[in-house]
Amino acid sequence: MNKTNRLLNRLIFSILMAGFISFPGYGQEEYKDPKNKALNELYSGGSFYEVQNYAQPTGKKQPKNIILMIGDGMGLAQVYSAMTANGGHLFLENFKNIGFSKTYSSDNYITDSAAGGTALSSGIKTYNGAIGVDPDKKPVPNIRELAEIKGLKTGLVSTSAITHATPASFIAHASSRSSYEDIAADFLKTNIDVFIGGGIKNFEERKDGRNLSKELKDKGYQVLYNIADIQKIKSGKLAGFTAQEHDAPMPERGEILVPATQTAINLLSQGKKGFFLMVEGSEIDFLAHENKTPGVVLETLDFDRAIGAALKFAASNGETLIIVTADHETGGMTLNGGEYKTGKVIGKFTSGGHTGIAVPVYAFGPCAEQFTGFMENTDIAKRMMKLLKLN
């Protein structure tokens, strides 16, 4: 694609996202607005995708690489709704080592994504709204930073704005999750190798007048604005933007998470010392906030396909540990009916917000057995750091 066409595509994209033409995306916290909560209990079914079985790798005692996959808001009901919708099978079934994470924050029985993300990235409990800081608002190191210091390649992938709470917890330090422009600026303080997600606005339409995308280019990053171009990148540093703020929900956004995950793995696996990658299925949470069973199902299925992409790599690589979990459960979802044959799911919700229930933890690869039983969410970060010899 020539420079003129790229500029034209960006102009069209900006117009769409600015609201001159309706575009089915989300503003930063729009998905939490009660006016968007519309009870929709029935997912009537759809097409199934094939699930491949992968054998647990043997022979490696320690992982060289870790892929942490966070289904935001994904409790057991969300997982089983997707399993039902896909005829009874998910890629997640390849994970034989299963545990549960206690998700409470330092100041609340029910965590938010910022405190939950900080627990998973840094191994400390903190207050709701905190990004990479402790209860006294002092910065704490996260696993991605520690991996970078040790020479590992690092990356983040998200279907939300890359400055949103969960991915932000792996890159930034802020006393408030709403400090989106400050969080974006923190990317320039790191040498992260690849990040893909929404959030163009926080990099290019800033109150301080900085154009962080230009600054990223000056640091040697390839800055791209659509998944078709992003997935063509075969080497080098990459900043991939897929939306002005958050991506649209499924099915409107199309295939983004799977190719983004594949691209990140391809780039990061070129490093000799290993890598750390966090992949977030962000909008399971969004649709659960809105109590929309069809949306929850489609988002969880999309996340499972990304898990499949990671599994394909890990099974052949043999020295990659994949951990799949959630920061919290959203919606208090339960299932009141379903059918494997058609994929029909009937969901019910008890809340429009988060709940305090423990969430599943799934592990595949070297040392997967260390992620079974009940554990604190902070234990996940601590165990990953130990396995990569970061502390």
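Taken together, the values in this text are just the output of simple stated rules run on the coordinates, not laboratory data. Model, not experiment: these values are computed from the prediction. As a convention, Cβ positions derive from the backbone with ideal geometry for all residues, glycine included, and neighbour counts pool all protein chains shown.
Among [x] 36; [y] 21; [z] 30, which one is percent of Cα pairs over 34 Å apart computed from these coordinates?
[y]
Filter the cross-link list K138/K273; K273/K389; K96/K272; K201/K232; K150/K386 down to pairs whose alpha-carbon distance in this structure exceeds 22 Å.
The pairs that break the limit, which is 22 Å between Cα atoms, are K138/K273; K96/K272; K201/K232.
Percent relative contact order of the chain, based on C-alpha pairs within less than 8 angstrom and at least six residues apart?
Computed over the chain, the figure is 31 percent.
What percent do you get for the relative contact order of the range 300-391 when only Cα pairs under 8 Å and 6+ apart count?
So the answer I get is 27 percent.
Output the peptides 73-79, 317-323 sorted from most to least packed, where packing is the average of other Cβ atoms within 10 Å over each peptide's residues.
73-79, 317-323
When the helix-only estimate is applied to the chain (DSSP H runs of n ≥ 4, each -39,500 (n - 2.57), divided by the residue count), what is the mean residue ellipticity at 222 nm, nearest 500 deg cm²/dmol?
Helices in the chain give a 222 nm mean residue ellipticity of -9500 deg cm²/dmol.
Where does each of 192-204, 274-286, 45-57, 95-107 land if you order them by average Cβ count within 10 Å, highest first?
Those peptides, ordered most packed to least, come out 274-286, 192-204, 95-107, 45-57.
Can you tell me which of 336-342, 262-268, 142-148 comes out highest on packing, and rank the rest after it, using the mean Cβ neighbours within 10 Å?
The packing order, highest mean first, is 142-148, 262-268, 336-342.
May I ask you to derive the relative contact order of the range 217-284, considering only C-alpha pairs under 8 Å and at least 6 residues apart, and to give it as an integer percent?
28 percent
To the nearest 20 debye, what is the magnitude of the charge dipole of the chain about its Cα centre, counting +1 on the Cβ of each Lys and Arg and -1 on the Cβ of each Asp and Glu?
1300 debye
Quick one: order V361, V296 by neighbouring beta-carbon count within 10 Å, fewest to most.
Arranged by neighbour count, lowest to highest, V361, V296 become V361, V296.
Dipole of the chain (Lys/Arg Cβ +1, Asp/Glu Cβ -1, origin at the Cα centre): which of G46, L387, S169 lies farthest to the positive side?
Of the options given, the answer is L387.
Please work out the Cα center distance from the range 158-203 to the range 374-391, rounded to the nearest Å.
If we compute the Cα centre of each part, the gap is 22 Å.
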